[in-house]
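Written out below as structure tokens is the structure these notes cover.
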Amino acid sequence: MELKLLKCPGCGANFPLPAPNGIVVCEYCRAVVSASGAPVWPMPESPEDDPPFAPDRPRVTVAGTRYVLLGRLGRGDGSDVFLARRDGRITEMVVLKVVRALSDADLVAREYDVLEALHRLDTQGAEHFTRLLPQPVARGEVKDPVGVSRAAAVYRWQSGFQHSLTDVREAYPDGVDPRAAVWMWKRLLEVLGFVHRSGYIHGAVLPPHVLVHPRDHGVMLVGWSSAVTFDGDRGRLPSTSASHRAFYPAAEWRGVAPGPTTDLIMAARTIAWVLGGDPATGSTPTSVPPPLADLLRRLCDEDPHPFTGDAWRSKELVDAAARESFGPPKFIPFTLPGWR
């Protein structure tokens, strides 16, 4: 029985039909073998490794994996956030979060633990809503340029979510179109509805922590270092942002334990601010239709708050106010400078 060689022993590619002399040359790696599989002369050497990506860029190692830093995405109250990619042939884009103060290492650990817990959920809506939260990849320590180790966390890069509401307000200093603010508010309330039903309070629903996808009208919620569970044994928030004091309910500064209502008030104040208004009072420019402006003032007011922390009920009220203001829902394109 005659044996026919069907696969190249060098690279595994399919072989062409053998020549009359029984010699076969692989069209891919150029290995030269006999039809029975015996090498006629040595196989080509393995190709050299690819040249390093962006050799001039700094590199850091987290949990045994090396990453190339591509640029800074943001600078928070206690951490720096970078865009990076895994330094290897099989790569992926990631977000690297590094604390500045060594004493804040516990906040990075808290954020990572909370997000891991949320991603383990299999409750209704988890498959959809966890895609709108940072996706943990690894955590560990990185060394800064002077050799000091700092706590760091790596999250998967979510394409399209490049701009925070802080960036949106900078692009629209007089405030966004109220119709755009409606979808931002509704998407934010949907995410908060899932988070609250999962037993968590975000605790820092602030403009830099709300990322928007302009084309798809999506919202992603980041900045989870203040998150807590509301299991009846909660105290004050683990951390607050002094530069965003007006966005917090006054009760937070009095030491009152946070609840879902805390997130809803902060969400409403964030939307009032991105409309060009005052987050502390919920007042908005005259360009905002009265039904929407009145609802914002009500939801920014914490004492008494009429909806006891129900994000889904709040979303229904936003729907009703938007319909009264603009008629039936329709898609309104939203653009940001430099976004593609």
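The values are calculated or read from the model by the stated rules, or taken from the named source; none is laboratory data. Remember, predicted model here, so these are calculated numbers, not experimental data. Note: ideal-geometry Cβ built from the backbone for every residue, glycine included; neighbour counts use all protein chains shown.
To keep it simple, each residue is scored yes or no on (1) surrounded by fewer than 16 Cβ atoms within 10 Å (Cβ to Cβ); (2) out of contact with any His (no Cβ under 7 Å at 6 or more places or on another chain).
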residue	(1), (2)
S243	yes, yes
A246	yes, yes
P260	no, no
A267	no, yes
V274	no, yes
T281	yes, yes
D301	yes, yes
V318	no, yes
Exercise. When Y155 is evaluated against the numbered criteria (1) part of a helix (DSSP H, G or I); (2) closer than 20 Å to A84 by Cα; (3) aromatic (F, W, Y), which criterion, by number, is the only one it fails?
Worked result: (1)
Exercise. How do the helices (runs of 4 or more DSSP H) wholly within the stretch 250-340 filter down when requiring 2 or more residues that are free of Cβ contacts under 8 Å to residues at least 12 places away in the same chain and of a type in the set (K, R): which remain?
Worked result: 311-326
Exercise. Out of the stretch 59-109, which residues are closer than 11 Å to A152 by Cβ, surrounded by 15 or more Cβ atoms within 10 Å (Cβ to Cβ) and polar (S, T, N, Q)?
Worked result: S79
Problem set entry | the stretch 162-182 residues that are in the same structural domain as F247 (by TED's automatic domain parsing) and over 25 Å from G76 (Cβ atoms), paired with ones that are crowded, with 20+ Cβ neighbours inside 10 Å and of a type in the set (G, A, S) (beta carbon under 9 Å, 6 or more apart) | P178/A293; P178/A322; R179/A322; V182/A321; V182/A322
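Taking the stretch 136-156 only, how many residues are within 15 Å of the chain's Cα centre (by Cα) and crowded, with 18+ Cβ neighbours inside 10 Å?
Of the stretch 136-156, the ones within 15 Å of the chain's Cα centre (by Cα) are 136-138, 153-156.
Pick out the ones that are also crowded, with 18+ Cβ neighbours inside 10 Å and you get 136-137, 153-155.
So the answer is 5.
Only residues that are in contact (Cβ under 8 Å) with a residue 12 or more places away in the chain and outside any helix (DSSP H, G or I): list them for the stretch 231-249, please.
We begin by selecting, within the stretch 231-249, every residue in contact (Cβ under 8 Å) with a residue 12 or more places away in the chain; these are 231, 234-244, 246-249.
Matches in the stretch 231-249: D231, R234, G235, R236, L237, P238, S239, T240, S241, Y248, P249.
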Seminar exercise, completed: If you go through T286, T270, the only one that is under 27 Å from the mean Cα position of the chain (by Cα) and either in the same structural domain as V210 (by TED's automatic domain parsing) or closer than 22 Å to Y172 by Cα (or both) is T270
Problem set entry | Qualifying residues in the stretch 295-340 (those that are of a type in the set (S, T, N, Q) and closer than 23 Å to G199 by Cα) - the one modelled with the highest pLDDT | S314
